[in-house]
Amino acid sequence: DQQVKQNSPSLSVQEGRISILNCDYTNSMFDYFLWYKKYPAEGPTFLISISSIKDKNEDGRFTVFLNKSAKHLSLHIVPSQPGDSAVYFCAAGLSGSARQLTFGSGTQLTVLP
Amino acid sequence: GAVVSQHPSRVICKSGTSVKIECRSLDFQATTMFWYRQFPKQSLMLMATSNEGSKATYEQGVEKDKFLINHASLTLSTLTVTSAHPEDSSFYICSARFPGRYEQYFGPGTRLTVT
């Protein structure tokens with residue numbers, strides 16, 4: 001059972017426009033959410049996170065929105081740049097000593113020049 | 001900050017041999033490290049959680065006798081793939097977590113090919 005889902009395997013956006021990546025989760029006990037960016041043959045790079053007590057967190061061109069009632073989060077990138085082309089993973093964490101993360105399946109973002 | 005290194009980046013070995021992969025947190029102490037495996041076009045699959053000074057916790061379906069994990073210090077965890085077989089060929093990635101935080105910082109990964 002996938003607890004974290006990214007239903008869009010790919011997304012193409014024109015340079016300069018907004019990219020919106022979506023993520024849904026099923027476990028209401030998740031209390032922390034993160035987005036990672038990954039290039040081929042590299043490890044994921046942490047982008048931005050949000051605690052369940054917030055509904056928005058912004059860092060430069062990246063904003064993460066959390067809708068707890070809908071169990072949905074999204075990552076907005078604006079303006080999109082060709083260098084943003086990568087696979088984006090959302091992840092959710094449970095409190096506890098290990099704080100393991102559960103990852104979605106990823107969305108390949110392609111920003112077209 | 002938050003740099004994690006992984007060595008080697010690529011390894012090719014013959015079936016039946018063992019391979020050791022090292023994961024180091026370079027600029028912070030990580031009481032908890034994680035080992036993941038990624039198949040082509042798939043998500044990261046957590047294999048095990050490695051805690052400094054104690055036994056690793058393995059996810060369901062991961063053979064602990066095949067994937068040996070040692071977390072001997074606050075900055076080093078190792079994964080040894082014992083008696084490797086072609087089906088063990090994959091991309092292995094480690095991560096390290098700041099104490100008390102959720103964010104994990106990932107190494108660059110190791111491409112293992114078993115011939």
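The values are calculated or read from the model by the stated rules, or taken from the named source; none is laboratory data. What you see is a predicted model, and the numbers here were worked out from it, not measured in a lab. With ideal geometry, Cβ positions are generated from the backbone for all residues, glycine too; neighbour counts draw on all protein chains shown. Only protein heavy atoms, including side chains, enter the accessible area calculation; ligands, DNA and RNA are left aside. Shrake-Rupley method; radii C 1.70, N 1.55, O 1.52, S 1.80 Å.
How do the pairs read when you match residues in the stretch B:1-25 that are under 25 Å from B:SER83 (Cβ atoms) with residues anywhere that are open to solvent by 90 Å² or more (accessible area, probe 1.4 Å) and β-branched (Val, Ile, Thr), using Cβ under 9 Å and keeping only pairs 6 or more apart or on different chains?
If the second residue must be open to solvent by 90 Å² or more (accessible area, probe 1.4 Å) and β-branched (Val, Ile, Thr), the pairs left are B:ILE12/B:THR115; B:CYS13/B:THR115; B:LYS14/B:THR115; B:SER15/B:THR115.
Please work out which one of (1) open to solvent by 30 Å² or more (accessible area, probe 1.4 Å); (2) closer than 19 Å to B:VAL114 by Cβ; (3) within 11 Å of chain A (Cβ to nearest Cβ) is the condition B:THR17 fails and give its number.
That leaves (3) as the condition not met.
Yes or no: B:TYR105 part of a strand (DSSP E or B) and open to solvent by 30 Å² or more (accessible area, probe 1.4 Å)?
Here the answer is yes, as B:TYR105 does meet what is asked.
Cβ-Cβ distance below 9 Å, separation of 6 or more or different chains: which pairs start in the stretch B:100-111 with a residue that is over 19 Å from A:LEU94 (Cβ atoms) and without any contact (Cβ under 8 Å) to a residue 12 or more places away in the chain and end on one that is surrounded by 15 or more Cβ atoms within 10 Å (Cβ to Cβ) and among the polar types (S, T, N, Q)?
Here the result reads none, with nothing in the stretch B:100-111 linked to a residue that is surrounded by 15 or more Cβ atoms within 10 Å (Cβ to Cβ) and among the polar types (S, T, N, Q).
Of all strands (runs of 3 or more DSSP E) completely enclosed by the stretch A:1-99, which ones contain at least 1 residues that are touching an Asp or Glu at 6+ places or on another chain (Cβ under 6 Å)?
In the stretch A:1-99, the matching strands (runs of 3 or more DSSP E) lie at A:45-51, A:62-67, A:72-77.
Tell me which residues, restricted to the stretch A:25-70, are within 9 Å of chain B (Cβ to nearest Cβ), surrounded by fewer than 19 Cβ atoms within 10 Å (Cβ to Cβ) and among the hydrophobic types (A, V, I, L, M, F, W, C).
Scanning the stretch A:25-70 gives A:ALA41, A:PHE46.
Being over 19 Å from B:TYR102 (Cβ atoms) and either of a type in the set (Asp, Glu) or within 14 Å of chain B (Cβ to nearest Cβ) (or both) is the filter here, so list the residues in the stretch A:71-100 that pass it.
A:ASP84, A:ALA86, A:VAL87
Conditions (1) under 20 Å from A:LYS38 (Cβ atoms); (2) among the acidic types (Asp, Glu); (3) open to solvent by 30 Å² or more (accessible area, probe 1.4 Å), marked per residue:
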residue	(1), (2), (3)
B:VAL4	yes, no, no
B:THR49	no, no, no
B:ASP65	no, yes, yes
B:HIS71	no, no, no
B:THR75	no, no, yes
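I'm told B:LYS41 meets every condition in (1) open to solvent by less than 30 Å² (accessible area, probe 1.4 Å); (2) within 11 Å of chain A (Cβ to nearest Cβ); (3) basic (Lys, Arg) except one. Can you identify the failing condition by its number?
(1)
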